[in-house]
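Enquirer: Take this structure, written in structure tokens, and hold onto it; I'll ask about it next.
The values are calculated or read from the model by the stated rules, or taken from the named source; none is laboratory data. Remember, predicted model here, so these are calculated numbers, not experimental data. Here the Cβ is made from the backbone with ideal geometry for all residues, glycine too, and neighbour counts use every protein chain on show. Keep in mind that these areas ignore ligands, DNA and RNA; they rest on the heavy atoms of the full protein, side chains included. Shrake-Rupley method; radii C 1.70, N 1.55, O 1.52, S 1.80 Å.
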Amino acid sequence: MIVRIMGEGQVRLADGHLAELDKLDEELLAEMENGDGPGFRRTLHSLLSRVRELGEPLPDDSLEPSELILPSPDASLQEVRELLSDDGLIPG
């Protein structure tokens, strides 16, 4: 799966990592629903960090279609709300 972090680039991520990332996504969704700004920020950074750690960066000149687009680390709560589907940021 190709994942884009807005403002950073793309990584190739094995589908086997989606379950771990989905747990962080669920936490993020709950924090957003509860208006927990500090928790939201902390979990968003954890989610993006794990994607960076688990994924293999694609070259900057590579332009693959992204199957998943994640917000930038400095995205606001409102900006992330606009990216959400019913399943959160990560489908499944």
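Enquirer: Could we say that GLU33 is assigned to a helix (DSSP H, G or I) and open to solvent by 70 Å² or more (accessible area, probe 1.4 Å) here? Lay out the reasoning, then the answer.
Expert: Details: assigned to a helix (DSSP H, G or I): yes; open to solvent by 70 Å² or more (accessible area, probe 1.4 Å): yes.
Taking the combined requirement at face value, the residue satisfies it.
Enquirer: With respect to the numbered conditions (1) open to solvent by less than 70 Å² (accessible area, probe 1.4 Å); (2) at positive phi, which one is the sole condition not fulfilled by GLY7?
Expert: Among (1) open to solvent by less than 70 Å² (accessible area, probe 1.4 Å); (2) at positive phi, the lone unmet condition for GLY7 is (1).
Enquirer: Looking at the structure I just gave you, is HIS17 modelled with pLDDT of 95 or more, out of contact with any strand residue (DSSP E or B) (no Cβ under 7 Å at 6 or more places or on another chain), open to solvent by 50 Å² or more (accessible area, probe 1.4 Å) and not acidic (Asp, Glu)?
Expert: No: the conditions fail for HIS17.
Enquirer: Examine segment 52-75 for a residue that is within 12 Å of the chain's Cα centre (by Cα), closer than 14 Å to LEU13 by Cβ and part of a helix (DSSP H, G or I), and state whether such a residue exists.
Expert: Yes, there is a match, as at least one residue in segment 52-75 is within 12 Å of the chain's Cα centre (by Cα), closer than 14 Å to LEU13 by Cβ and part of a helix (DSSP H, G or I).
Enquirer: Please go through (1) exposed (fewer than 15 other Cβ atoms within 10 Å of the Cβ); (2) under 12 Å from the mean Cα position of the chain (by Cα); (3) of a type outside the set (Asp, Glu); (4) not in a loop (DSSP other than H, G, I, E, B) for VAL80 and return the number of the only condition it doesn't satisfy.
Expert: Against the list (1) exposed (fewer than 15 other Cβ atoms within 10 Å of the Cβ); (2) under 12 Å from the mean Cα position of the chain (by Cα); (3) of a type outside the set (Asp, Glu); (4) not in a loop (DSSP other than H, G, I, E, B), VAL80 comes up short only on (1).
Enquirer: Then there's this: Of all residues in segment 7-18, count the ones that are touching a residue at least 12 places away in the same chain (Cβ under 8 Å) and in a helix (DSSP H, G or I). Walk me through how you get there before you give the answer.
Expert: Of the residues in segment 7-18, the ones touching a residue at least 12 places away in the same chain (Cβ under 8 Å) are 7-15, 17-18.
Next cut, in a helix (DSSP H, G or I) only: 15, 17-18.
Within segment 7-18, residues that are touching a residue at least 12 places away in the same chain (Cβ under 8 Å) and in a helix (DSSP H, G or I) number 3.
Enquirer: Here's another thing I want to ask about it. State all residues of segment 20-30 that are open to solvent by less than 50 Å² (accessible area, probe 1.4 Å) and either of a type in the set (Ser, Thr, Tyr) or without any contact (Cβ under 8 Å) to a residue 12 or more places away in the chain (or both); if no residue qualifies, say none.
Expert: We begin by selecting, within segment 20-30, every residue open to solvent by less than 50 Å² (accessible area, probe 1.4 Å); these are 21-22, 24-25, 28-30.
Passing the criteria: only ALA30.
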